[in-house]
Every structure is written in C-alpha cells, then in structure tokens.
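Throughout, read-outs are computed from the coordinates displayed, never taken from laboratory work. Owing to the predicted nature of the structure, the values given are computational and were not obtained by experimental measurement. Here the Cβ positions follow ideal geometry from the backbone for every residue, glycine too, while neighbour counts run over all protein chains shown.
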Amino acid sequence: MKLSALRYLVAFADQLSFSRAAEQCRVSQPSLSVALQRLEDELGVTLIERGKHHVALTEVGERVVAQARISLEEVDRIESVAQSGKDPLVGSFRLGVIHTIAPYLLPDLIPALRQVAPGLTLYIEESMTALLADYLKYGTVDAAIVALPFDVPGVDTQVLYDEVFEVVVPRDHPWVGRSHISTSEIGAEDVLVLKAGNCFREQVLDACPEISHTDASMRQGHSIETIRAMVASGYGVSVLPKSALSDLYKSDLVVSIPFEEPAPLRRIALAWRRSSVQDTVVDALVQAVRIMNKPAYHVVV
C-alpha cells in the first residue's frame, strides 16, 4: 500500500471529484484514478461508488478514509522528527504564494532569502488562496504567503507586512493630477476588478463598497496585469496593490493616485502547518522580508 494512494483517497474524500482531487495532489486525473483503483484491488473492497453523473465514498470507504487521515498525520510527524535532526536551513522548501503577491514580491524575496539561508532551495507554488489552504493541509507546500484573514485548522500565521491600495486610471482621465482620491468616489466610475474567487477582489470590494452596487460583471479580469492593460485601454479605472505600481511595473499609459488617509490596505502573512515547519525556517523568511526594504510594504514583523 502506497502512501501516495492514501493521500489521493483523502483528497478525493475532501473534493468528491477526481479532477479536483488530482489538481489538489498535483497529478494527472488518470494517474490518480489508476492509483485509487489499485488501492481498492489491494484491499479487496470498493471504496468509491462510481456513477455516470455521481461519485461518492462507500460506507467502508468512509472508514478507510478516517484511518488514512490518522496514518498520514503520523507519517508527517515522523518526517518532522527526522527533519529536526538536520539543519532546517539546508535542503528544499516549498513555498506557496497567492497570484496577486507572487510577481511583485518574489524578485526581492528570493535574493533576500539567499542572503539569510543560502543552503535553502526554494520551490514556488503560485495559486489561489483556497488551493493554498489545501496544499498546506496536505503537505503539498511547507508554507504560504497569503493575505489575511486566513483561518485554517492546524495552521499558524505570522504577519509580515501591510500594503496599501492605490487607484489606477488611464492617463487622460480627469483625476490625473489629483493628490488623493476618496473611496466614496470610486463607485461612480467603471471599475475593473478581478474575477470572483480571488481574495484581492474581495478586499477591494470591502474597501470600496460602492463598487459592489454597480454592475461589474463585464468589467473583470483574470490577473492584475490584465486589469492594468484594460485600464490603459480606457476601459475603466481600478484599485491595485502598491507593489504592482513600483517603478519596475510602471506604464506610461496609466497613472496611479493614492487614496485619502486612512488608505485601504491588505495585511500579508506567512502561514505554515504547526507540525511541519521549524521556527528557524519561519524566522529566516521573516528576516528576508525585513531586509528587502521595499517602499510598497510597511513591514510589521
């Protein structure tokens, strides 16, 4: 019996979908399906009811999943005990980062981390917040950089920094030249937002509730860079994190304007499973953020 098959089974139990379970485990759906079929053959029981339009765990499947969770937790503890006897700052480390942070943080974080922990080899997993929560839960990543709130059982968080939002407008917009914009003014504009499911979208709507009163269904983008391009084309205005507006990402076609104080912001944190990551690694990541010295971030660690 392979541990990977047990992980696949637990993932299926959580998702009740072969495709979503495969995505969570970062394997192809056929590979996951074959592994689960082999597990059933090995155990001599049917774990999953497979209908044309419906899949579910059998009664014995539910009991096997419950035991598999216990077994996998014990395996994680064994790995943690073994790791504690090694230098935690030497070897590989899998770091998850949400989409709206990764492109703007990593070019500075990775060199800073090399200074603090040169023996640590970093592997990056860029994804949505909900998926990163699953990746942490099942050990696909060791830690993740996310926006708060991030409430996941068994996961600790350490605040890293605060990042303010700014308004982005086309260069011929009437607001160009103004020193500040009020959040109450945004609702009168055609506002471009990220598609549903992205935590940054929800943070923007919370900061500027007037936006949610407008029909923004046709003014959505999949990424910050898509939103920026749409603003540049005159399709509307938007609200972006300040890190996406640094000199490295500036465009002559758009202008960023600060909000009136207190400006809306997001709080960024490091999240990790309590049983899997040592304090030494957490401290190294926190120290790397401190030495970046990025104007876009108000470091609070």
- Query: Magnitude of the Cβ-charge dipole of region 3-84, K/R +1 and D/E -1, about the Cα centre, nearest 20 debye?
  - Reply: 240
- Message: Report the Rg/Rh value for region 6-68, based on alpha-carbon coordinates and the Kirkwood definition of Rh.
- Response: 0.92
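Which order do peptides 88-101, 119-132 fall in by mean Cβ count within 10 Å, highest first?
The packing order, highest mean first, is 88-101, 119-132.
For the chain, what is the convex hull volume of its Cα atoms per residue in Å³?
Residue-normalised Cα hull volume stands at 150 Å³.
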- Task: Output the relative contact order of the chain, whole-number percent, from Cα pairs under 8 angstrom with separation of 6+ residues.
- Result: 23
- Quotient of C-alpha Rg and 2.2 N^0.38 Å, computed over region 90-228: 1.24
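Rounded to the nearest 5, what % of the DSSP beta bridges within the chain are antiparallel ones? Can you show the working numbers first?
Numbers: 28 of 44 bridges.
Counting DSSP beta bridges with both partners in the chain, the antiparallel share is about 65 percent.
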- Computed lengthening from residue 159 to residue 70, 0.36 nm per intervening residue step minus Cα-Cα distance: 29.0 nm
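Between residue 223 and residue 178, what FRET efficiency comes out of the Förster formula 1/(1 + (r/R0)^6) with R0 = 22 Å and r the beta carbon distance, rounded to 0.05?
0.25
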- Note: probe point = Cα of residue 280 + 7 Å toward Cβ; backbone nitrogen < 15 Å; residues of region 87-106 passing the test are 87-93
- Task: Could you calculate the contour length gain from residue 290 to residue 31, that is, 0.36 nm times the residue separation minus the distance between their Cα atoms, to one decimal place in nm?
- Result: 89.0 nm
- Straight-line reach check, residue 242, cutoff 24 Å on alpha carbons, 8 or more apart in-chain or any other chain, hits among lysines -> 195, 250, 294
- Using the alpha carbon gyration tensor of region 178-301, what are the three equivalent-ellipsoid semi-axes (square root of 5 times each eigenvalue), largest first, in whole Å? 30, 17, 14
